[in-house]
Amino acid sequence: MLELRHIQKRYDERTVLEDISLSVETGEIVSILGPSGCGKTTLLNIILGLVEPSSGRILCDGEDLTRVPMEKRGFNIVFQDYALFPNLNAYENIVYGLRNFPDRATKEEVADLVHLLGLEKHLKQSIGELSGGQKQRVALARTLVMKPRVLLLDEPLSALDGLIKESIKERIRTIARELKLTTLIVTHDPEEALTLSDKVLIINEGRIAQYAAPQAIIERPANDFIGRFILSQLAVKRDNIFRLFRVDPHAANARPNCAAAC
Ligand SMILES: Nc1ncnc2c1ncn2[C@@H]1O[C@H](COP(=O)(O)OP(=O)(O)OP(=O)(O)O)[C@@H](O)[C@H]1O
Ligand SMILES: [Mg+2]
């Protein structure tokens, strides 16, 4: 279990994150959702160890990681721009991290991951020859071969559209389930957050606006901000969301909140 306790981040006099406390069960997918500038990337970087919190603690399976350097936390991130090596082909990118840690994954495990991500046909291609979705899958594979304890993804789907987006969403879900991998995903897209994750952490101006399962957020938004910012963006696709969670939009308990919000 990953735990954040009263995380606060200040830059000079400015407080960017305030009192962020939450627990993520092992194997859960959690989306971090909120408007631009609310502190999503800062929070992800604090969990990763790239940014130090001003106060508060980070624990994983009871171990205090707050002062543990990034490379010793066992967490790994896929950055929004993938950060692949352009001079290496897809396979060389995937196994790059194993050069220093050859015991992390066997050849069979790499092959399984390649299969899971549907990359068999692309292994010899150079990065420049890959589509956005293929690059995203190579970046995911490169991170996953290192067997992170926690997988962090910063806007993994924002550069993708339609079917590719759906396919990568499905793969992320499968990987989190099969590998029992705790996964945190930053997104500014409410539909993505609500359909992809077990729980959604909604941040507004550096504070937790709500942390709950998607259905609870849809049925019982905790405050006006959720209604205005999050659920109103779903207006057009509201019926799809309800179908996904098998909630009857006309049911007495679903209607009042959403009628107000959408
Ligand atoms: N190194 C820094 N020094 C000073 N202020 C910073 C620094 N990094 C981030 N901030 C500020 O912290 C706030 C949160 O930034 P952050 O990048 O976490 O937002 P975000 O939610 O990821 O936004 P976006 O959706 O636009 O990526 C912003 O107001 C930003 O200006
Ligand atoms: Mg960001």
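The values are calculated or read from the model by the stated rules, or taken from the named source; none is laboratory data. Here the structure is a predicted model, which means the values were calculated and not measured. FYI the Cβ positions are ideal-geometry reconstructions off the backbone, even for glycines, and counts take in every protein chain you see. For the accessible areas, the whole protein counts, side chains as well, though only heavy atoms, and no ligand, DNA or RNA atoms are used. Shrake-Rupley method; radii C 1.70, N 1.55, O 1.52, S 1.80 Å.
Numerical summary
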{"read-out": "Among the candidates Ile172, Ile203, Ile217, residue that is open to solvent by less than 50 Å² (accessible area, probe 1.4 Å), modelled with pLDDT of 90 or more, aliphatic (A, V, I, L, M) and part of a helix (DSSP H, G or I)", "value": "Ile217"}
{"read-out": "The one condition in (1) within 15 Å of the chain's Cα centre (by Cα); (2) away from ligand 2 (no atom under 16 Å from the Cβ); (3) open to solvent by 20 Å² or more (accessible area, probe 1.4 Å); (4) more than 23 Å from Glu18 (Cβ to Cβ) that Tyr211 fails to fulfil", "value": "(4)"}
{"read-out": "Residue that is farthest from Phe225 (Cα to Cα), among those in region 175-187 that are over 11 Å from the mean Cα position of the chain (by Cα) and crowded, with 16+ Cβ neighbours inside 10 Å", "value": "Leu179"}
{"read-out": "Checklist (1) on the phi > 0 side of the Ramachandran plot; (2) in a helix (DSSP H, G or I) applied to Lys180, failing item", "value": "(2)"}
{"read-out": "Glu205, sole failed condition from (1) within 21 Å of Ile47 (Cα to Cα); (2) within 18 Å of the chain's Cα centre (by Cα); (3) in the same structural domain as Leu17 (by TED's automatic domain parsing)", "value": "(2)"}
{"read-out": "All positions within region 98-113 that are open to solvent by 90 Å² or more (accessible area, probe 1.4 Å) and touching a residue at least 24 places away in the same chain (Cβ under 8 Å)", "value": "Phe101, Arg104"}
{"read-out": "Hits in region 65-88 (condition: part of a loop (DSSP other than H, G, I, E, B) and of a type in the set (Val, Ile, Thr))", "value": "Thr66, Val68"}
{"read-out": "Residues being outside any loop (DSSP other than H, G, I, E, B) and either open to solvent by 10 Å² or more (accessible area, probe 1.4 Å) or touching a His at 6+ places or on another chain (Cβ under 8 Å) (or both) - total across region 10-36", "value": "12"}
